[in-house]
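What follows is a single structure, written as structure tokens, with notes after it.
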């Protein structure tokens, strides 16, 4: 492959079925994701348009995957290609498509906090996989990328879950029905739904948050939970915001995990008083999210929740965006 | 109200908004129902067109509810109006609509086995409630009848559940999202779906079947279960028979309850070998059901399952019908 046209020209050439000028460099945005979605512990997630991570990827003549630069991570992420989730999953992809001859240089631009419960590692990994798949000419479908991103998750948090990576790849609301075999189902994204996310800057490592959960639960509580999961899924298909809201109740995990999040119940009250459809923990926290029917109430909610956290002497970040229905995009 | 036109004339007069000739007698069919629906323990049910019960109801001049006759019950059901679920729930309805002045005579024609796991008491109760509501001029909506039918269930099996009565009243697949407050959601009925039901004539009382279930379960199994519940509900909305089939797995209740059902695993094998979408216990058993894509495979399945049971020296009954999408009907 020649390397004698400028990167800018190459980016402009990104068109489907354009095989004349193979793309050599690409910059991709992949979205943050809210996993668990209240009652949907370990099975439901959705993507947002803000925040997200960006990956710039360049094909080179020297085989192997290299991390050239990471910005926005405060030096927290490994530059070692074998340890970084982005490079490791890209490497895994190249092995699968039998293209270990390919050379790849990666710049990772973190645009979201790490360890926030917003699928930070997923966003990076998915941006990298989306980029390499585009550069290789879309050899795999978005759904086929999910297992590669799960490998990245395993590296990042010791547990290869899919409820962040699947919505980050596919966009919208996604159900992970089963892991063995992997069965990922795209659910409808209700029109006009907004997400209001607040990240209180306290430390809640995913592993600790998982360990807090009891391994045994009462069957009657599990029945309540799956009634709500079924209601939430029905509400998405019916575009019924009221049913979605009634179903956004978690009797099993939230009561324990919310203890780690300062001002959790007060933030819920703020959300519901300001017209939220529902409110809950994003992933394993400490970020919280509200779903709303419009941008204005989403902004009101994040503003009031941040004011509350400020009073509690806790720094915070807030994000308001529509639910991302498309997944990653080329920038 | 006068009583001088013949019953036949009155039935013919059953038309909506016909207030000139108040109806005095009516005969109603209400469907059998499959509750639990594999992974949807206590939250999902659906109605079938065969079997079902029939109630003939007549308004009289003497206030109070009377059971005039019961057929097809082998003398098992009480004629005492306070103890019979049909009369008791009709009485409850009349009290609610403030019409205790009304006199009602009921004939109950059982057309399905009692204690079979097919919602036998529900079918009778719902037929009665649908009949009295029609005779009173549809004072309540079908959904509003659900709590009255639940009272009947409480009388019949000591537990006021809704996953039989709700589909019997509303038809199709129904989700009971919550009991407190009651939240019942009609799900789509896939076009062309058939149910193949086999009732092995062994005794499995609902109360015993409930007591077999463990009160605590592993969270990881509960997650598997609600992933499947979400998949099943999604499959109904997407009219995706394959997804419905993949989701029809019960890791929590079926492994215990199926022990009480002779030839259960063999009947499952017969169902799946003959193209069933899925197979499971109906309610708390001993009836089993298969969902199929057509009538022919449903018939093949029930025939082969009955042959198996015959070899095991167990009498059985079989029913093949399309999924009932409408609920009760006036005969």
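The values are calculated or read from the model by the stated rules, or taken from the named source; none is laboratory data. None of the values given here were measured: they were computed from a predicted structure. Cβ atoms come from the backbone with ideal geometry, glycine included; neighbour counts cover every protein chain shown.
Overview of results
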item	result
Condition broken by residue B:62, with the remaining ones in (1) closer than 19 Å to residue B:286 by Cα; (2) part of a loop (DSSP other than H, G, I, E, B) satisfied	(1)
Region B:146-192, residues that are in contact with a strand residue (DSSP E or B) (Cβ under 9 Å, 6 or more places away or on another chain), surrounded by fewer than 22 Cβ atoms within 10 Å (Cβ to Cβ) and on the phi > 0 side of the Ramachandran plot	B:172, B:192
Condition check for residue B:149: part of a helix (DSSP H, G or I) and touching a residue at least 60 places away in the same chain (Cβ under 8 Å)	yes
Residue within region B:234-244 that is crowded, with 24+ Cβ neighbours inside 10 Å, within 26 Å of residue B:146 (Cα to Cα), over 19 Å from the mean Cα position of the chain (by Cα) and facing chain A (nearest Cβ under 7 Å) present	yes
Selection status of residue B:166, more than 16 Å from residue A:220 (Cα to Cα), within 14 Å of chain A (Cβ to nearest Cβ), part of a helix (DSSP H, G or I) and within 18 Å of the chain's Cα centre (by Cα)	yes
Helices (runs of 4 or more DSSP H) within region A:193-302 that include 1 or more residues under 21 Å from residue B:162 (Cβ atoms) and in contact with a strand residue (DSSP E or B) (Cβ under 7 Å, 6 or more places away or on another chain)	A:219-238, A:241-247
Residue that is surrounded by the fewest Cβ atoms within 10 Å (Cβ to Cβ), among those in region B:292-316 that are without any contact (Cβ under 8 Å) to a residue 12 or more places away in the chain and under 19 Å from residue B:203 (Cα atoms)	B:313
Flag if residue A:29 is within 14 Å of chain B (Cβ to nearest Cβ), part of a strand (DSSP E or B) and modelled with pLDDT of 95 or more	no
Meets criteria (surrounded by 19 or more Cβ atoms within 10 Å (Cβ to Cβ) and at the interface with chain A (Cβ under 7 Å from one of its Cβ atoms)) for residue B:204	no
Selection status of residue B:164, under 14 Å from residue B:30 (Cβ atoms), in the same structural domain as residue B:72 (by TED's automatic domain parsing) and without any contact (Cβ under 8 Å) to a residue 60 or more places away in the chain	no
Residue check, residue A:298 more than 14 Å from chain B (Cβ to nearest Cβ), out of contact with any helix residue (DSSP H, G or I) (no Cβ under 7 Å at 6 or more places or on another chain) and at pLDDT 95 or above	yes
Filter result (at pLDDT 95 or above and either buried (at least 24 other Cβ atoms within 10 Å of the Cβ) or facing chain B (nearest Cβ under 8 Å) (or both)) within region A:42-52	A:43, A:44, A:45, A:46, A:47, A:48, A:52
Only one of A:55, A:34 that is modelled with pLDDT of 95 or more, farther than 19 Å from residue A:148 by Cβ and in a strand (DSSP E or B)	A:34
Breaking point among (1) more than 10 Å from chain A (Cβ to nearest Cβ); (2) under 30 Å from residue A:247 (Cα atoms), for residue B:220	(1)
Residue that is in a helix (DSSP H, G or I) and surrounded by fewer than 17 Cβ atoms within 10 Å (Cβ to Cβ), where the choices are B:134, B:83, B:69, B:143	B:143
Scope region A:99-112; condition assigned to a loop (DSSP other than H, G, I, E, B) and in contact with a strand residue (DSSP E or B) (Cβ under 6 Å, 6 or more places away or on another chain); matching residues	A:110, A:111, A:112
